Amino acid sequence: MSASAQIGVTGLAVMGRNLARNFARNGYTVAVHNRTAAKARALVDEFGDEGEFVLAETAEDFVAALERPRRLVVMVKAGEPTDAVIKEFAPLLEPGDMIVDGGNAHFADTRRRERELREQGIHFVGTGVSGGEEGALNGPSIMPGGSKESYDALGPMLEKISAKAADGSPCTAHIGPDGAGHFVKMVHNGIEYADMQLIAEAYQLLREVAGYSPAEIADIFRTWNTGRLDSYLIEITAEVLAHVDAATGEPFVDVVQDQAEQKGTGRWTVQIALDLGVPVSGIAEAVFARSLSGHKDLRDASRGLAGPKAEPLAKEEAAAFADQVEQALYASKIVSYTQGFHEIAAGSDEYGWDIDLGQVSAIWRGGCIIRAAFLDRIRAAYDARADLPSLLADDGFAREIGEAQDDWRAVLVAATRQGVPAPGFAAALAYYDALRADRLPAALTQGQRDYFGAHTYRRTDREGSFHTLWGGDRSEVSA
Ligand code: NBP
């Protein structure tokens, strides 16, 4: 087999198949391979006329079909299958070749794989790909990690197949070494969980407190989508809410079981945030809300617990409440992005990745699930000040969240009084209030820790660590 393909894709389920077609449609010759060869044959049979494909039935043929340095994209199920594929292909590759893992790998696995393959001179490029099936075909947001050298060889191709932002710039860039790309994709998904939860809470409040129907709420979301909340998730929310179930004639949202599932990247975002000591309370509430919804037996056993049932507002009050919900949603969204970017900054510091946060927000503007007009604002904030310690330190965001807070608080008062859970809105407001507090009760926590465990504390009025002799005369000693 002659080495005629500029890139190869192995793993041709929905994502790999569409990514291979995207490369071919953009003029690249693409070698295609799958463990079960029939899938590779089917791809070429069905879509062979979209561009140049080289069908490879064996691993040896696949590698032989690739121009050097070889660019081999792996789109298999994350975890053991990725290791199995690496084990199969690495012995067939040569120094300078690249293995690009586009699956949803845990960044720690990516770091390990990168280290192991580097010894062999192979570049391992852990790459986050967002946008689902549709994005893979028509332009995803792509977050490649790995060496700078590998980006030099791969970047132009990724830039060509990626989504383009409204200003025409490609939604991909070199994120940083080893696991940086998969880390950023992980946090992207965590933010996605938070966005979805906040939208779901807004829906629930509009339904139960304001008394709107799903179709009316769809219209409200459509209106919001023309303003500062303009985003893919708001757009599809309106579509889902407007959809009527053909079998029953009921709103679709009423015939779907209210138990949300998850694949794990949101959970990883929270687990890693705990390891890094970054407060991502909004993202955590989104993960927990999905988890709580899935505890059907617990929920069934708890439905009789005392508490108010929401009583819908009068029509004239409902519209004003909807405006307040928009403010609460926007303010909470600012907080979840603040928390997500804090986690990326902390990961970047911990692993020495030197991630450009403005660039991350720029490549999320198209192709991915959280694409939104709002990301332009975040990029502008980091462009104005690259070392911005927090999005809330940006004058524009600080002003907007300040202006939203009365309505944000009013929405939470209504939610609490009427017994409608809004954990994402509440966690976001608690984060905001904690950051702006003059004093936090952490001082008392330190006192308790010193009392039962002699963990010591620091004083406000002088340097050093101290311990109070709680069991004795309660005098203070330097520790
Ligand atoms: P799946 O995650 O369903 O994986 C199926 C593919 O993995 C098939 O090609 C299968 O080959 C291959 N595979 C498996 Br399973 N075990 C293997 C092994 N031991 N050796 C070789 N190949 C093996 O596919 P997907 O939904 O297209 O997703 C691909 C990757 O992209 C995943 O990591 C996913 O997390 C990530 N991702 C998915 C989305 C999305 O929206 N679906 C978005 C972003 C990222 P076979 O045909 O022989 O069984």
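Computed from the coordinates by the stated procedures, all read-outs in this text should not be read as laboratory data. Since the model is a prediction, treat every value here as computed from it, not as a measurement. With ideal geometry, Cβ positions are generated from the backbone for all residues, glycine too; neighbour counts draw on all protein chains shown.
Rounded to the nearest 10 degrees, the inclination of helix 14-25 to the longest alpha-carbon principal axis of the chain is 60 degrees.
Computed 3J(HN,Hα) for region 394-407, one whole-Hz value per residue from the Karplus formula 6.51 cos²θ - 1.76 cosθ + 1.60 where θ = phi - 60°, is 6, 4, x, 5, 4, 5, 4, 5, x, 5, 7, 5, 4, 5, glycine and proline marked x. Of all stretches in the chain that contain no GluC sites (Glu not before Pro) in a DSSP loop with at most 14 other Cβ atoms within 10 Å, the longest one is 262-462. Kindly express, to the nearest 10 degrees and within the range 0 to 90, the angle between helix 265-276's C-alpha long axis and the longest C-alpha principal axis of the chain. The two axes meet at around 60 degrees. Other residues lying with their Cβ under 15 Å from the Cβ of ARG115 contribute a combined charge of -3, Lys and Arg counting +1, Asp and Glu -1. For region 81-167, a crude dipole built from +1 on the beta carbon of Lys and Arg and -1 on the beta carbon of Asp and Glu, taken about the Cα centre, is about 180 debye to the nearest 20. Counted by Cβ distance under 15 Å from ARG417, the other residues give a net charge of -1, where Lys and Arg count +1 and Asp and Glu count -1.
Run the numbers for SER4 and GLN257: contour at 0.36 nm per residue of separation, minus the present Cα-Cα distance, in nm.
Between SER4 and GLN257, full extension yields 86.1 nm more.
Straightening the chain between GLU94 and LYS148 buys 17.6 nm, computed as 0.36 nm per residue apart minus the Cα-Cα spacing.
Only alpha carbons enter this Debye calculation for region 230-320, each as an equal point scatterer, and the log10 of I(q)/I(0) it gives at q = 0.10, 0.14 Å⁻¹ is -0.46, -0.89. The equivalent ellipsoid that matches the C-alpha gyration tensor of region 192-263 spans semi-axes of 19, 16, 12 angstrom, in descending order.
The length gained by stretching the chain between ALA386 and ARG439 to full extension, at 0.36 nm per residue less their Cα-Cα distance, is 16.2 nm. Against the longest principal axis of the chain, how steep is helix 315-351, in degrees 0 to 90 to the nearest 10, with axes from Cα atoms? For helix 315-351, the angle is close to 60 degrees. Taking a Cβ cut-off of under 15 Å around GLU261, the surrounding Lys, Arg, Asp and Glu residues balance to a net charge of +2, with basic ones at +1 and acidic ones at -1.
A simple spin-label model places pseudo-atoms 7 Å from Cα toward Cβ; at ALA306 and GLU403 they are separated by 4.4 nm. How would region 306-432 be classified by its alpha-carbon gyration tensor: rounded, prolate or oblate, with rounded meaning a/c under 1.5 and the a/b versus b/c comparison settling the rest? It is prolate, given that a/c is not under 1.5 and a/b is the larger ratio.
With a simple spin-label model that places each label point 7 Å from the Cα along the Cα-to-Cβ direction, the separation between ALA410 and GLU250 comes to 3.4 nm. Distant-in-sequence amide contacts of ALA78, defined by a placed amide H-H separation under 5 Å and a gap of 5 or more residues or a different chain, comprise ASN104. Each DSSP beta bridge with both residues in the chain is either parallel or antiparallel, and the antiparallel ones are about 40%. 3J(HN,Hα) couplings calculated from phi for region 59-75 with the Karplus curve 6.51 cos²θ - 1.76 cosθ + 1.60 (θ = phi - 60°) are, in sequence order, 4, 5, 4, 4, 5, 5, 7, 9, 5, 9, x, 6, 10, 10, 8, 9, 10 Hz; Gly and Pro show x. Put a dot 7 Å past the Cα of ARG25, heading toward its Cβ, do the same for SER478, and the two dots end up 7.1 nm apart. Taken over the alpha carbons of the chain as equal point scatterers, the Debye sum produces base-10 log I(q)/I(0) values at 0.12 Å⁻¹ of -1.09.
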